[in-house]
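*Asks:* Can you read through this structure? Questions will come right after.
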Amino acid sequence: MAAGEAAETRSLEEPAYRWGLALVLAAGICWSTIGIGLRMIAEASVWQILFYRSLALAALLIVVMTIRSKGRALKSVRAAGASGLIGGGALVFAFAGGITAIQTTTVANAMLLFATAPFMTALLGLLILREQVRKATWVAMALSMFGVGIMVAGGIALGHWIGNVAGLLSALGFAVFTITLRWRRTDDTLPGVFLGGVLSVIVAGVVCTATGQSLILLPADLGLSFGMGVFQVGAGLVLYSLGSKGLPAGELALLSTLEVLLGPIWVWVILGETASPSTIWGGAILLAALTWNSLSGMRRRPLPVPGI
């Protein structure tokens, strides 16, 4: 009887697993398009792009949250409280840093630096929330720091140090955002990301006004910025939130590396952009560390972190 029940449970879970796998893969594909999207921008600056991308992101999320909460989206946002505001503020740095990194270094280098966010989260969790860090994660962090060191050294030699710093700042922003979710003990990222989108619109608008940057963009740049907000960040986040509930933690962590791998491929195939040797070697070490950390933590369910 027990064997029959187990078989029936597996048969019921298989469609959910396949559906979840498809959704999470689709989310990774959405997130991986940031590089090609930003490379196609003709004139818009970091803050102009951030303003319109965040405006589109916030508009999409308020619609999705309204549908999911049956008209009580603002209640969910208010429930985020102080931690939601702190997390939203961290996302301003994450979003702005991500755009800056891709505009000032290679896509491969930027995407790999973004991938250090889980290790930064582990360290912040230890320092702020007193969460224990697994021995395997300490080993993976040491390995990843070696890989990042190779990449950053190569970036400095090529004059890409601003992009490297921005990439690490973006990863730190996502790590702080994840810590605020654990502080609230929630796995619902949408209210926090919505607040991050709203705060990004405000900050980007203030910076553009203070520096004399017009909010009137070329139609193509405006369309790309809106498109990245809706499809690259917003749709990716929604797909991940839906699909992550049907997958084991280890597979989720491994699938998250799809974004890192695909991002450089798009710009290589479409625009011919290649990575430097330091990025290839350092990135290979970093990806090995990420894979090791994921495989060694199969029973731990990570909180979803939105794409850049």
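The values are calculated or read from the model by the stated rules, or taken from the named source; none is laboratory data. Quick caveat: nothing in here was measured; it's all calculated off a predicted structure. Glycine also receives a Cβ, built like all others from the backbone with ideal geometry; neighbour counts cover every protein chain displayed. Just the protein is used for accessible areas: all its heavy atoms, side chains included, with ligands, DNA and RNA removed. Shrake-Rupley method; radii C 1.70, N 1.55, O 1.52, S 1.80 Å.
Matching residues to (1) under 19 Å from Gly234 (Cα atoms); (2) touching a His at 6+ places or on another chain (Cβ under 9 Å); (3) among the aliphatic types (A, V, I, L, M); (4) open to solvent by 10 Å² or more (accessible area, probe 1.4 Å):
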residue: Ala82; (1), (2), (3), (4): no, no, yes, yes
residue: Asn109; (1), (2), (3), (4): no, yes, no, no
residue: Met120; (1), (2), (3), (4): no, no, yes, yes
residue: Phe146; (1), (2), (3), (4): no, no, no, yes
residue: Gly154; (1), (2), (3), (4): no, yes, no, yes
residue: Ala175; (1), (2), (3), (4): yes, no, yes, no
residue: Thr178; (1), (2), (3), (4): yes, no, no, no
residue: Leu181; (1), (2), (3), (4): yes, no, yes, no
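*Asks:* When both residues are 6+ apart or on different chains and their Cβ atoms are under 7 Å apart, which pairs have a first residue that lies in region 230-243 and is closer than 21 Å to Leu38 by Cβ, and a second that is among the small types (Gly, Ala, Ser) and open to solvent by 20 Å² or more (accessible area, probe 1.4 Å)?
*Replies:* Leu239/Ala26
*Asks:* When you check Gly149 against the structure, is it assigned to a helix (DSSP H, G or I) and farther than 16 Å from Ala289 by Cα, yes or no?
*Replies:* Here the answer is no, as Gly149 does not meet what is asked.
*Asks:* Hey, among the residues in region 157-212 that are polar (S, T, N, Q) and over 17 Å from the mean Cα position of the chain (by Cα), which one's nearest to Gly243 (Cα to Cα)?
*Replies:* The selected residue is Thr186.
*Asks:* Another one. Evaluate region 47-54: report whether one residue or more is over 16 Å from the mean Cα position of the chain (by Cα), of a type in the set (Val, Ile, Thr) and surrounded by 24 or more Cβ atoms within 10 Å (Cβ to Cβ).
*Replies:* yes
*Asks:* Of Leu262, Leu254, Leu237, which residue is open to solvent by 40 Å² or more (accessible area, probe 1.4 Å) and at negative phi?
*Replies:* After applying the criteria, what remains is Leu254.
*Asks:* When you scan region 84-104, how many residues do you find that are open to solvent by 10 Å² or more (accessible area, probe 1.4 Å) and not small (Gly, Ala, Ser)?
*Replies:* 7
*Asks:* Considering only region 272-308, state which residues are loosely packed, with under 15 Cβ neighbours inside 10 Å and at pLDDT 85 or above.
*Replies:* Gly272, Thr274, Pro277, Ala284, Ala288
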